[in-house]
1. Nearest 10 degrees, 0 to 90: what angle lies between the long axis of helix 136-148 and the longest principal axis of the chain (Cα atoms)?
2. Return the FRET efficiency for the residue pair residue 291, residue 226: r is the Cβ-Cβ distance, R0 is 35 Å, and the value is rounded to the nearest 0.05.
3. For the range 2-224, what is the relative contact order in percent, using Cα pairs closer than 8 Å and at least 6 residues apart in sequence?
4. In the range 1-39, what GluC sites (Glu not before Pro) fall in a loop by DSSP, with at most 16 other Cβ atoms inside 10 Å?
5. Taking the alpha-carbon distance from residue 12 and a cut-off under 19 Å, which aspartates and glutamates remain once sequence neighbours fewer than 8 residues away in the same chain are dropped?
6. What are the semi-axes of the equivalent ellipsoid for the range 2-224, taken as the square roots of 5 times the Cα gyration tensor eigenvalues, largest first, in whole Å?
7. Testing the spin-label approximation: label points 7 Å from Cα along Cα→Cβ at residue 163 and residue 3. State their distance in nm.
8. Can you compute the equivalent ellipsoid semi-axes for the range 235-301, i.e. the square root of 5 times each eigenvalue of the Cα gyration tensor, sorted largest first and rounded to whole Å?
Amino acid sequence: MLQVKNIEFTYKKTSVLKDISFSVEAGEHLSIIGESGSGKSTLLKLLYGELDANKGQIFWKNSEILGPKYNLVVGYDFMKYVAQEFDLMPFISVAENIGKHLSNFFPEEKQTRIKELLEVVELTPFSNTKVKLLSGGQKQRVALARALANEPEILLLDEPFSHIDNFKKQSLRRNLFNYLKTKNITCIVASHDKEDVLPYSDKMIVLHNHKIVANNTPEYLFNHPKTPLIASFFGDFNVINGKIVYAHQLQIVEDSNLKATVKKSYFKGHYYLVEANLNGATIFIENKMFIENNREIYLFIKSQLS
Ligand code: ADP
Ligand code: MG
């Protein structure tokens, strides 16, 4: 189990994290979410032992994770970290980069392992391509495969799909997170994309104003967003009579006491996002059909858990 106890961290003058405590069971997947600048990357660096906390302690099983002040070589064998800026060897091939830290004592096993990892990150056709010739997204996938090569016990991922296009993202996420679950690898992922979190994380923590403001399952936090910040992570929402109501919870009906005027409809694929004015405030509604501007509509709030 990973245990984070009362961590506090300040960059020279900028206070970033305060009173951070949480735990992650072996094999569990945890997401760290929060706005840009909320300290997600800093927290991952602390977990990796790349930074020294001002206060608090971090343990993986029985070993304490120590920063550079106490540890000459940053990092631990049981843990791999894929940073936002990944450093690969540009002049050698994809396969060689992935196998970089694999032992040469068992060449056949090494090749089998590389082949398996190329499949996980869908780079088999690029096996012999030099890394410098790859796109940003392809490089990110090589970095992921390299981190997995020696089967770490814990994998720390900082916005792992940020450079990967939408054509590849969905299948890559499925491949990667399913692979980690089958290998029982504990995974901690910093993300600002709900698609990384909702289907794959066992738990998520929300960072805001230096602190953890929520720590629960994605399902619970989606169904009970206690602040607009949490709701905004999941999608378009409104605050109506002091309650958070997602755009998909508003239904257009024949008549009700919530009367709004349509301002604009946006095509979103399987629905339209209708922007409307309700008593002077802008609200958003998910609706199957396009609605013309200036139309008056009546709204009904569907309950959250139905
Ligand atoms: P996130 O990953 O959530 O976007 P970061 O952990 O990168 O957030 O940054 C948290 C805060 O720490 C930000 O205010 C950022 O400007 C600051 N920060 C990040 N790295 C450094 C650094 N090396 N030196 C000083 N301040 C930093
Ligand atoms: Mg970051």
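1. Between the helix axis and the principal axis of the chain, the angle is about 60 degrees.
2. Details: r = 31 Å, r/R0 = 0.89.
Once the sixth-power term is evaluated, E becomes 0.65.
3. On the way: 404 pairs, mean separation 61.6, N = 223.
Once divided by the residue count of the range 2-224, the mean separation gives 28 percent.
4. Working: sites: 8, 25, 28, 35; in loops: 25, 28, 35.
Counting only loop positions with at most 16 other Cβ atoms within 10 Å, the GluC sites (Glu not before Pro) in the range 1-39 are 25, 35.
5. Residue 12 reaches 50, 52.
6. Values: eigenvalues 170, 81, 53 Å².
The three semi-axes for the range 2-224 are 29, 20, 16 Å.
7. Each label point is offset 7 Å from its Cα along the Cβ direction, giving 3.8 nm.
8. On the way: eigenvalues 52, 38, 23 Å².
Semi-axes (√(5λ), whole Å): 16, 14, 11.
The values are calculated or read from the model by the stated rules, or taken from the named source; none is laboratory data. The structure displayed is predicted, hence computed values, not measured ones. Note: ideal-geometry Cβ built from the backbone for every residue, glycine included; neighbour counts use all protein chains shown. The accessibility values were calculated without ligands, DNA or RNA, using every heavy atom of the protein model including side chains. Shrake-Rupley method; radii C 1.70, N 1.55, O 1.52, S 1.80 Å.
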